[in-house]
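Student: Mind looking over this structure? Questions follow.
The values are calculated or read from the model by the stated rules, or taken from the named source; none is laboratory data. Bear in mind that the values here come from a model prediction, so they are computed numbers and not experimental data. Cβ atoms come from the backbone with ideal geometry, glycine included; neighbour counts cover every protein chain shown.
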Amino acid sequence: MTANDGVGVDQASAGGLRITLAGGEVLQLPPHDEFYAELITRNAGLVSDAEQQQLRDATIVVAGCGSIGGAVVEPLVRMGAEHLILAEPGDYDIHNLNRQSMTVHDIGRNKAEVLREQALSINPYASIEVDTRGIDDENVVDLVRRATIIIDGVDVTTKPPLRMKLALHEQAHRAGVPVISGYDIAGLQMMKIYDYRRSETKVLDGRIRPNGPELTNPMGFLRRVVPIAALPHEIIGELSRQLRGERSGFPQIVYTANLFGVMTLPALIDLLQNRPVRRRVIVDVPTLLRPRTSRMRVAASRLVGLYHLNNEFRRSRKQPAVAEDPAVATGE
């Protein structure tokens, strides 16, 4: 794990940090508290002093820094968060360019390390730690112990991370640490909030079984976490092709991934303030943009598609029938 090493900045003998600008000029920043006050000036009137201070003091663990976790880092720092722990084992590749906060110069570099540099270029005083192991058996207990809130961006599109995603939630449940998770499905973003401070909140709402087959199958995992009734029209054909073995991998798009960052910040502030929050929030961007006539036509087509998809799920031998999962069968 690495912490701040003052990348791109020097400690001035008096006052604030010195930074070197793109043109080579050296700029001395105000001292930390003065810099922070200026950074959050435009938040005033929309974010209370108490909310701002809690955000500044909170330790936020971002577990997974891909399209979901990576979408929250810059907004958090711009909003005034100053204590982040970024856990991510993966490196950027060309196919990440369509939706993740990177450039071609970042190809081959660890995602968390890149996001850390970006965060420090916004607030050089922030404490940004990186754990390039991601979430594993050795660090999950310690990361949860240190967290005020956890952003769960652990990958669900491949098999290996699924067990660690469950372990992260199990430890958060034991420690009473809230977790915010996101699922980007075509143009739909589903944010799920697990407030493990509340005794009635079960691990992943009780949808994932510790030894269940869904931990070895991304499609099975998603079936149990994402209700079939929430699936957007645009993804139905793709899921059908995957069930038939014609395609693999999950398509993802930039505006849906970035939407998670937009949705997470107000939810996080509400959790810090112990205000009640909805456990699930779904925003389907294409549906919101369609005029009424098109919306009705697509909705009808979607219902037909869901019916056939449900039948394909039932015929699948890899997982139990959809009807065995109340969340999928009822859409709750």
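Student: Kindly provide the set of residues from region 49-107 that are part of a helix (DSSP H, G or I), polar (S, T, N, Q) and touching a Lys or Arg at 6+ places or on another chain (Cβ under 9 Å), ordered by number.
Tutor: N96
Student: Looking at region 168-184, is at least one residue under 23 Å from G261 (Cβ atoms), in contact (Cβ under 8 Å) with a residue 40 or more places away in the chain, among the aliphatic types (A, V, I, L, M) and in contact with a Leu (Cβ under 7 Å, 6 or more places away or on another chain)?
Tutor: yes
Student: What are the residue pairs meeting all of these: first residue in region 277-302, first residue on the phi < 0 side of the Ramachandran plot, second residue part of a helix (DSSP H, G or I) and acidic (D, E), Cβ atoms under 8 Å, and 6 or more apart or on different chains?
Tutor: As it stands, the answer is V277/D270; R279/D205; P286/E234, since those pairs meet every condition given.
Student: Turning to a different aspect of this structure: Taking the options V130, V141, V114, V156, name whichever one is out of contact with any strand residue (DSSP E or B) (no Cβ under 7 Å at 6 or more places or on another chain), surrounded by 21 or more Cβ atoms within 10 Å (Cβ to Cβ) and not in a loop (DSSP other than H, G, I, E, B).
Tutor: Only one candidate qualifies: V114.
Student: Check L306, L239, L259 and return the single one that is at pLDDT 95 or above and part of a helix (DSSP H, G or I).
Tutor: L259
Conditions (1) among the small types (G, A, S); (2) within 14 Å of V72 (Cβ to Cβ), marked per residue:
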{"residue": "S240", "(1), (2)": "yes, no"}
{"residue": "S248", "(1), (2)": "yes, no"}
{"residue": "A257", "(1), (2)": "yes, yes"}
{"residue": "P266", "(1), (2)": "no, yes"}
{"residue": "R278", "(1), (2)": "no, no"}
{"residue": "D284", "(1), (2)": "no, no"}
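Student: Still on this structure, I have one more. What are the residue pairs meeting all of these: first residue in region 238-261, first residue free of Cβ contacts under 8 Å to residues at least 60 places away in the same chain, second residue of a type in the set (S, T, N, Q) and surrounded by 12 or more Cβ atoms within 10 Å (Cβ to Cβ), Cβ atoms under 7 Å, and 6 or more apart or on different chains?
Tutor: Taking only residues 6 or more apart or on different chains, the pairs are S248/Q242.
Student: I would also like to ask the following. Test S127 against the stated conditions and say whether it is modelled with pLDDT under 95 and closer than 28 Å to T41 by Cα.
Tutor: no
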